[in-house]
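Asks: Take this structure, written in structure tokens, and hold onto it; I'll ask about it next.
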Amino acid sequence: MVKGSDLLVAALANEGVDRVFGVPGEENLDVLEALRTSGIELVLTRHEQSAAFMAATHGRLTGRAGVCLSTLGPGALNLATGAAYAHLGAMPMVMITGQKGILSSRQARFQVVDVVAAMKPLTKMSRQIVSPQMIPTQMREAFRIAVEERPGPVHLELPEDIAAEECEALPMIPPHPVELPLAGAEALDRAAAMIMAAERPLLMLGAAASRPRAAQDLAQFVLRTGIPFFTTQMGKGTVPGGTELYMGTAALSERDYVHEAIERADLIITIGHDTIEKPPFIMGPGGPQVIHVGYQPATVEQVYFPQTEIIGDIGPSLRLLADRVEGRVPQAGALLPLRRGILARIADRATEDRFTPQRIVHDVRGVIPADGIVALDNGMYKIWFARNYRTTQANTLLLDNALATMGAGLPSAMMAAMLHPGRRVMAVCGDGGFMMNSQEMETAVRLKLNLVVLILEDGAYGMIRWKQAVDDFPDYGMTFGNPDFVRYAESYGAKGWRVTAIGDFAPTLEHAFSTGGVHLVTVPVDYTENTRVLVEELRERLPVT
């Protein structure tokens with residue numbers, strides 16, 4: 001005889017799970033004991049939200065669902081932001097929460113919240129396990145749903161009496177690969193005709209283009225067609241460097257320098273675009289034709305309504321499309337003459353002797369190798385990294401342009417450091433976002449991670465304060481005080497560094513990476529460039545007619 005909790009942990013092992021992130025409670029004690037005697041590591045975090053961010057990032061980087069665990073009520077509800085983060089960001093994740101017993105009610109309604117109902121709008125599926133005999137099938141279904149397109153979070157609630165109930169040992173259901181369908185021949189022929197007839201074609205690589213399985217075919221498609229490309233924020237790095245076809249990243253929706261190419265294009269082929277991202281360009285009357293290439297049909301929006309769609313497994317479908325158009329797109333490079341000017345203007349003032357966003361991005365890029373990973377929290381600096389930070393490998397700049405929540409940068413970087421201990425990994429956080437989950441510094445030190453945490457300190461919720469000023473509102477309600485970040489890091493057993501001269505910035509980062517362990521580096525940030533570049537300079541750039 002085995003307990004329901006034993007079946008649950010056996011089902012996790014059956015799915016290849018090696019780590020579970022979370023904060024257990026008394027309703028999880030049977031599960032905790034089953035984990036203790038298994039080969040699965042419990043990664044204890046200091047807040048459930050961080051556990052969810054870590055599990056979601058595991059899904060993002062591996063394509064396999066990450067797993068997080070919490071108790072009932074308040075613990076389960078602390079997973080909600082992480083659930084939305086994974087849901088909007090298309091990251092596979094399985095959340096397991098506890099609950100009071102359902103066969104008896106010895107504690108009445110104490111701490112009881114309908115978590116299953118609360119999680120339904122934030123997940124692909126939310127269910128309560130009501131029998132231990134159902135655990136093998138429900139767990140297999142949960143992992144299947146989490147990873148199938150479009151990936152996302154799944155929630156299972158395991159009441160404590162079901163976890164403790166004994167039953168006969170049950171066989172696990174082995175996972176099996178599921179091949180995605182390919183795009184139909186008619187759709188491919190229709191798209192190919194549009195591409196070959198285009199006078200100024202342009203590719204756009206979106207969030208779903210960064211799925212690991214699509215990388216090789218996507219890179220080959222770009223090379224075989226010779227069509228220049230730009231990326232969305234979450235599509236950065238999807239094509240390796242060296243193609244000389246990269247035109248920039250759409251960090252804004254319009255009027256940025258990359259939009260010079262977008263506005264001139266008569267055809268845009270969007271690959272893996274998900275309208276959950278802030279629009280990289282805005283469709284309207286008289287704009288370019290758009291071909292949507294995706295795992296799923298396009299969501300028709302006011303700003304996005306493609307005329308043709310290629311639906312299926314993106315990689316193989318692009319291979320079939322390239323077979324139709326290779327060597328037959330006479331105007332493939334028509335927009336390339338714009339490339340040099342666009343990239344030069346984006347790199348402007350990157351070496352000034354100030355802590356400007358451009359200089360910070362420049363120096364970070366200088367110490368991070370091609371396979372190094374930078375995980376951004378959310379703030380004004382995210383726009384600058386999206387515009388200015390060049391990537392040559394997929395998933396080496398982790399940013400959230402879907403939920404765009406604060407507090408995710410540090411846990412995401414911790415997960416990246418766990419998965420890739422041989423790479424350089426950095427979290428970039430504003431002082432506001434860092435403090436939302438700063439307690440995870442203890443977790444990072446306890447796990448003996450090699451990680452550099454960069455804090456850009458301005459004593460304010462900087463993005464909203466900037467928008468407040470741009471919209472001519474009084475400066476109100478956005479400033480705060482900070483702890484001494486150096487001493488704060490040291491109190492957790494990490495190394496802390498405060499850099500006050502820009503010339504010391506890159507050497508400090510290099511020293512931190514070379515030394516190993518957990519380092520926190522705090523620098524001031526000069527956000528006067530936000531208005532000069534992102535408002536005044538771009539306002540002067542008239543749309544192309």
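Asks: Excluding same-chain residues fewer than 8 positions from Lys3, which lysines have a Cα within less than 19 Å of its Cα?
Replies: Hits, sequence-local ones excluded: Lys100.
Asks: If a helix is a whole DSSP H run, which ones in the chain reach 27 Å or further along their own axis (Cα) and hold a mean Kyte-Doolittle hydropathy of at least 1.0?
Replies: Taking the DSSP H segments of the chain (at least 27 Å long, mean hydropathy at least 1.0), we get none.
Asks: To continue, here is another question. Among DSSP beta bridges whose residues both lie in the chain, state the antiparallel percentage, nearest 5. Mind showing how you got there, number by number?
Replies: Details: 4 of 68 bridges.
Counting DSSP beta bridges with both partners in the chain, the antiparallel share is about 5 percent.
Asks: If you don't mind, another one. Give the calculated FRET efficiency between Val130 and Arg106 to the nearest 0.05, with a Förster radius of 25 Å applied to their Cβ-Cβ distance.
Replies: 0.90
Asks: Oh, and also: Give the Rg (one decimal place) followed by the Dmax (whole number) of the range 348-535, computed from C-alpha coordinates and expressed in Å.
Replies: When restricted to the Cα atoms of the range 348-535, Rg and Dmax are 15.5, 48 Å.
Asks: Counting only DSSP beta bridges with both residues in the range 185-342, what percent are antiparallel, rounded to the nearest 5? Present the calculation step by step, with values, prior to reporting the outcome.
Replies: Numbers: 1 of 20 bridges.
Antiparallel: roughly 5 percent of the beta bridges in the range 185-342.
Asks: State the Cα centre-to-centre distance between the range 279-296 and the range 158-187 in whole Å.
Replies: Cα centroid to Cα centroid, the span is 36 Å.
Asks: Could you let me know the centre-to-centre spacing of the range 310-337 and the range 396-411, using Cα atoms, in angstrom?
Replies: Cα centroid to Cα centroid, the span is 31 Å.
Asks: Compute the projected area of the convex hull of the Cα atoms of the chain, averaged over all viewing directions, and report it in nm² to one decimal place.
Replies: 25.9 nm²
Asks: What number, rounded to the nearest 500 deg cm²/dmol, is the helix-based mean residue ellipticity at 222 nm of the chain, given -39500 (n - 2.57) per DSSP H run of at least four residues and division by all its residues? Walk me through the intermediate numbers first.
Replies: On the way: 22 runs with 197 residues, N = 545.
Theoretical 222 nm ellipticity from helices: -10000 deg cm²/dmol.
Asks: Give me the lysines in straight-line cross-link reach of Lys382: C-alpha distance below 23 Å, same-chain residues under 8 apart excluded.
Replies: Lys236, Lys278, Lys467
Asks: Please find the FRET efficiency linking Glu352 to Arg446, where r is the Cβ-Cβ separation and R0 is fixed at 45 Å, and quote it to the nearest 0.05.
Replies: Between Glu352 and Arg446 the formula returns 0.70.
Asks: Then there is this: Which of the peptides 371-381, 219-229 is most tightly packed, and how do the rest follow, judged by the mean count of other Cβ atoms within 10 Å per residue? Working shown, then result.
Replies: Details: 371-381: 24.1, 219-229: 21.3.
Listed from highest to lowest mean packing, they are 371-381, 219-229.
Asks: Shifting gears a bit: How are the Cα pair distances of the range 163-281 distributed, in percent, across 10 Å bins from 0?
Replies: Calculated P(r), rounded to whole percents: 12, 37, 28, 8, 7, 6, 2.
Asks: Something else: Glu149 to Leu223: extension gain in nm, 0.36 nm per residue of separation minus the Cα-Cα distance?
Replies: 24.0 nm
Asks: As a footprinting exposure proxy, order Met1, Met196 by other Cβ within 10 Å, with the fewest listed first.
Replies: The order, fewest Cβ neighbours first, is Met1, Met196.
Asks: Which residues does the label zone of Glu244 cover in the range 210-229, counting backbone N under 16 Å from a point 7 Å along Cα→Cβ?
Replies: Counting only backbone N, you get 223-229.
Asks: Quick check: Cα centre of the range 425-462 to Cα centre of the range 1-71, how many Å?
Replies: First find each Cα centre; the distance between them is then 24 Å.
Asks: Express in nm, to one decimal, how much length is gained between Ala117 and Tyr476 on full extension, taking 0.36 nm for each residue of separation and deducting their alpha carbon distance.
Replies: 125.5 nm
Asks: Using C-alpha positions alone, give me the convex hull volume of the range 2-167 per residue in cubic angstrom.
Replies: Numbers: hull volume 15.0 nm³, N = 166.
Dividing the Cα hull volume of the range 2-167 by its residues yields 91 Å³.
Asks: Just rank His420, His176, His362, fewest to most, by other beta-carbon atoms within 10 angstrom.
Replies: His176, His420, His362
Asks: Take the Cβ-Cβ distance between Arg46 and Glu536 as r, set R0 to 56 Å, and report the resulting FRET efficiency rounded to the nearest 0.05. Walk me through the numbers before you get to the answer.
Replies: Working: r = 43 Å, r/R0 = 0.76.
Calculated value: 0.85.
Asks: Output the antiparallel fraction of DSSP beta bridges having both residues in the range 348-535, as a percent to the nearest 5.
Replies: Antiparallel bridges make up about 5 percent of those DSSP assigns within the range 348-535.
Asks: Which whole-number percent gives the relative contact order of the chain, counting Cα pairs below 8 Å spaced six or more residues apart? Intermediate values should be presented prior to the final figure.
Replies: Numbers: 1223 pairs, mean separation 68.2, N = 545.
Across the chain, relative contact order equals 13 percent.
Asks: Counting pairs of Cα atoms in the range 258-302, how many percent are more than 14 Å apart?
Replies: 50 percent
Asks: For the pair Glu168 and Gln302, how long in nm is the line joining their label points, each one 7 Å along Cα→Cβ?
Replies: Output for this residue pair reads 6.0 nm.
Asks: Let me ask another. May I ask you to list the residues of the range 1-32 whose amide nitrogen lies under 17 Å from a point 7 Å from Cα along the Cα→beta-carbon direction of His176?
Replies: Residues passing the 17 Å test: 15.
Read-outs throughout are calculated quantities, based only on the coordinates presented, and are distinct from any laboratory measurement. Here the structure is a predicted model, which is why all the values come from computation and not from measurement. In this analysis, Cβ positions are derived from the backbone assuming ideal geometry, glycine residues included, and neighbour counts consider all displayed protein chains.
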